[in-house]
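Chemist: First the structure, which I've put down as C-alpha cells, then a few questions once you've had a look.
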Amino acid sequence: MSEQHSAAPDGQLARVIYRSHSLLPESLDDRTPAVTEILRIARRNNSETGLTGVLLFDGTSFLQAIEGDIVHVESLYESIACDRRHENIEVIEFKPIAARAYRSVPMAYVEGLAAERDTLGHLRSALVAAGGVDVSGDELPS
C-alpha cells in the first residue's frame, strides 16, 4: 500500500475498505473474548491516532472500513494485513476522501450480517447506523 500512496501529503484523508475470512474460533463463546479484545485495542489505538471506522463481523468474515490521515490508515492496514486472526484479505477500496463518514467513532461494531456479508450496501447501512453520515454516491463503491 505504501508504494501506491507514498506521494500523498501528510494530513490527506483516506479510507480503506477490506474484507477477510476469520480464523477465530467458530464457537460464539470462544470467539467473543477475541472480538472484544480486537475492539478494545482498535478503539484505544484509533483514538490515539485519530482514525475512525466500522468493523462488521458475521462469525466467518470481517468487513472493515478505516478512515483518517493517509499515513495512519496505511500503517494500520499494513499491521492488519499481517494479523494471523484472518486470511484471504481483499482490499475493496483504498482512496483519498474529502470527508469522513465517521466524525468521532474510533471503531463502531456491527455483528451478524451472515446472509449478506458480501454486499457493500450493508456497509453503507452500517456506516449510517453506527453513527456515520450517509455516504451515498461515489463515496463507497457500488
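Coordinate-derived values only; no laboratory data. These figures come from a predicted structure and were not determined experimentally. Note: ideal-geometry Cβ built from the backbone for every residue, glycine included; neighbour counts use all protein chains shown.
Chemist: For the stretch 26-120, run through the GluC sites (Glu not before Pro) and keep only the ones in DSSP coil with at most 15 other Cβ atoms within 10 Å of their Cβ.
Modeler: GLU26
Chemist: OK, next. May I ask you to evaluate 6.51 cos²θ - 1.76 cosθ + 1.60, the Karplus curve with θ = phi - 60°, for each residue of the stretch 83-92 and list the ³J(HN,Hα) values in order in whole Hz, giving x for glycine and proline?
Modeler: 5, 7, 8, 8, 8, 6, 6, 10, 7, 8
Chemist: Under 5 Å between amide H atoms, partner at least 5 residues away or on a different chain: which partners does ALA108 have, H built in plane at 1.01 Å?
Modeler: GLY53, VAL54, LEU55
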